[in-house]
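Below: the structure, in structure tokens.
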Amino acid sequence: MNEDSKELADAGSFGLKADFHAHPAIPSKELVALMEALIRDVGTKVTEQRGMLLGHIKAFLTTEQGTLKVNLIDMDIGPETVDRLASAAVDKGEIKFMAALVGLDDHDVEEIMEDSIQVLEERLDLDIEEHEHDHDHDHDHEDHN
């Protein structure tokens, strides 16, 4: 989403990338539920703040055991999940977590997402590598461990 289209749509965006480790390894089904809870938490916060969810929230997880993709565009329908994890448990991988939301600015989207990511930190050790607002403004992010 470029700055012109964001301004015209009154939209904000934010994304981050993080490596994760689970000690002990997390069962794949629990990881799917955790990622769905993350996406749902963002949607709930946006709905509480704006009265509705208008936009797209997504997380893409890559591991040695496969991939997991979770999207949310409608709170009534709930998360759409594509689970391609090929093992019973996962111990490490990478998460890409992004959102583009109408009616919120970049800062608001960032705050909501960084607050929601705490859902993961109860079970996963995260090393957040970077975050961006999709406007040539990349910078390192502090560690949330």
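Here, each number is a calculation from the coordinates, and none is a lab measurement. None of these values were measured; they are calculated from a predicted model. Here the Cβ is made from the backbone with ideal geometry for all residues, glycine too, and neighbour counts use every protein chain on show.
Here are a few things to note about the model shown:
- The order of the peptides 35-43, 86-94, 105-113 by mean Cβ neighbours within 10 Å, most packed first, is 35-43, 105-113, 86-94.
- Scaled to the globular estimate 2.2 N^0.38 Å, the Cα spread of region 3-128, given as radius of gyration, is 1.05.
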